[in-house]
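To keep things clear, I will list the structure first and then write my remarks on it.
None of the figures in this text is laboratory data; all of them are computed from the coordinates on show. What you are looking at is a predicted structure, and each value in this text was computed from that prediction instead of being measured. As a convention, Cβ positions derive from the backbone with ideal geometry for all residues, glycine included, and neighbour counts pool all protein chains shown.
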Amino acid sequence: MRKWIVLMSVFLWVIVAGPAQALEISMTNNSPQYWGWMTVAYSGLNEGNETRVGAGRFYTTVYDGEKEIDTFSYCVELDDSFGWGTSYEAVVGAFTEPLHRAAWLVSQYDPLTGDKKSLLDGDAKTIAMTLQLAIWQTLYGLDFRPVAGGDIALLGTMLTAASEISINSFDPSGFFVAEISGQDQLVAAPVPEPATMLLMGIGLLGLGVVGRKRLK
């Protein structure tokens, strides 16, 4: 038993401490832009007030120390910000049920890649900005009302659909949450290396422990 624990410890240490552990992420303001400034009113934080927020879809690059992935992302937090073209060190965050639903929303309603993109009326920028509001409301339970920018009818459609899905029917492995010193991002890409290796190692460790208990 002791030998097995030592071997698994070395295995996990190699995964965590290997040379390709850096995860970096950056967002760029390329053209065409699928984000914009919106004026919204929402309950829960500033009842009755209006707030100006930057919302939408961002061109995103993820680098895991070995390869670079060009993809896109949406914001997770409401109050933080990031710098265009700034490279941030990132870690993979926990995937909660609200984030699971938010990832489903992106998979369905992203104006360029979503399953329902052909059914959506309006320009891609407005749809992406509305989708950002739906993500925030799903994560924080706020009642958003677009005042300038966004589509309130489409927002209602998105939120109703998200509330009715069974999260067990959707695999969110095509997304991950990048936690950075700026604005955390919901990234449309599989969990990059070495995070995948780390999760696999932890899973193997758990299976090994269960197997040892059953043998006793």
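Here the simple spin-label model places points 7 Å from the Cα toward Cβ, and for residue 80 and residue 118 these points are separated by 3.8 nm. Taking every alpha-carbon pair in the stretch 20-168 and binning the separations at 5 Å intervals from zero gives 2, 9, 18, 22, 21, 16, 9, 3, 1, 0 percent.
Restriction of the GluC sites (Glu not before Pro) in the stretch 32-116 to DSSP coil positions whose beta-carbon has at most 10 other beta-carbons within 10 angstrom yields 47.
Highest mean first, the peptides 105-113, 93-101 sorted by other C-beta atoms within 10 Å per residue fall in the order 105-113, 93-101.
Each part reduced to its alpha carbon centroid, the stretch 68-86 and the stretch 128-187 end up 15 Å apart.
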